[in-house]
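Chemist: Let me begin by handing over the structure; questions about it come next.
The values are calculated or read from the model by the stated rules, or taken from the named source; none is laboratory data. What you see is a predicted model; the values in this text were computed from it and never measured. Cβ atoms come from the backbone with ideal geometry, glycine included; neighbour counts cover every protein chain shown.
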Amino acid sequence: MAIQKVLVVDDSKTELMFLTDLLQKKGMQVRTAENAEEAFRRLAEEKPDLILMDVVMPGQNGFQLTRAISRDPLYADVPIIMCTSKNQETDRVWGMRQGARGYITKPVDPAELQAKIDALN
């Protein structure tokens, strides 16, 4: 299944613009959310094929949000790639244990992101 619709969850406008631009150039439709509440609204509006998830956000963090989404029967099949500045191995392991299917650190390497997306197909 080719990934067409991506939800990018990040509280940084710069990061949202960078990732949106990158993914749109690959022909994907991108929707964005800046926090957990907005992310759940976007999920309810249209189920994405992939979620790119920041970790450090106000309110519910990306680890908590990933856990909530991956345990929700409506969205458990949507793969989540953590996309974060948290570069410790313990962070990566924790993110994967919350339900993430991939983990990349910022600044995002476009080739690495594409490889992670391709691996989900």
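Chemist: What is the one condition in (1) within 26 Å of Ala111 (Cβ to Cβ); (2) modelled with pLDDT of 95 or more; (3) touching a strand residue (DSSP E or B) at 6+ places or on another chain (Cβ under 8 Å); (4) surrounded by 13 or more Cβ atoms within 10 Å (Cβ to Cβ) that Glu34 does not satisfy?
Modeler: Going through the list (1) within 26 Å of Ala111 (Cβ to Cβ); (2) modelled with pLDDT of 95 or more; (3) touching a strand residue (DSSP E or B) at 6+ places or on another chain (Cβ under 8 Å); (4) surrounded by 13 or more Cβ atoms within 10 Å (Cβ to Cβ), Glu34 breaks only (1).
Chemist: Quick one: count up the residues across the stretch 100-121 that are of a type outside the set (D, E, K, R), surrounded by fewer than 19 Cβ atoms within 10 Å (Cβ to Cβ) and in contact with a Ser or Thr (Cβ under 9 Å, 6 or more places away or on another chain).
Modeler: 3
Chemist: Enumerate the pairs (first residue in the stretch 24-50 and of a type in the set (Asp, Glu); second residue anywhere and buried (at least 18 other Cβ atoms within 10 Å of the Cβ) and part of a helix (DSSP H, G or I)) with beta-carbon separation below 8 Å, excluding pairs fewer than 6 apart on the same chain, so at least 6 apart or on different chains.
Modeler: Filtered contacts from the stretch 24-50: Glu34/Leu16.
Chemist: Can you name every residue in the stretch 74-93 that is out of contact with any strand residue (DSSP E or B) (no Cβ under 9 Å at 6 or more places or on another chain) and within 23 Å of Pro48 (Cβ to Cβ)?
Modeler: Leu74, Ala76, Asp77
Chemist: Looking only at residues that are among the charged types (D, E, K, R) and at pLDDT 95 or above in the stretch 86-105, which one is nearest to the chain's Cα centre (by Cα)?
Modeler: Restricting to residues being among the charged types (D, E, K, R) and at pLDDT 95 or above, the top hit is Arg101.
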